[in-house]
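Trainee: I'd like to ask some things about the structure below.
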């Protein structure tokens with residue numbers, strides 16, 4: 001009886017758990033609110049990083065490393081990301 005349970009236990013660990021681990025992300029997408037939980041500290045750090053990226057982008061444009069169109073597109077994208085983070089922070 002113990003050998004029987006031991007064999008099934010090891011079979012479960014070796015085969016079933018890895019399959020669950022691999023398939024799990026496909027089912028977690030449906031529960032986006034659970035997965036996308038972010039603390040206020042993480043959001044504040046992301047906001048600071050995005051502000052730094054905007055400053056660096058402006059410096060590169062001032063130096064002449066970027067064209068006006070690229071600068072405008074990248075800056076608009078960074079500003080959108082910052083505004084999303086600010087909205088998340090206001091909701092908390």
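No value in this document is a laboratory result; all are computed from the given coordinates. Quantities reported herein were computed from a predicted structural model and do not represent experimental measurements. So basically every Cβ, Gly included, is an ideal-geometry build from the backbone, and we count neighbours across all protein chains shown.
Trainee: So how far apart, in nm, are the two label points at residue 16 and residue 72 if each is 7 Å from Cα heading toward Cβ?
Mentor: According to this spin-label approximation, the distance is 6.0 nm.
Trainee: Starting from the 7 Å offset along Cα-to-Cβ, what nm value, one decimal, do you get for the label separation of residue 8 and residue 63?
Mentor: 6.6 nm
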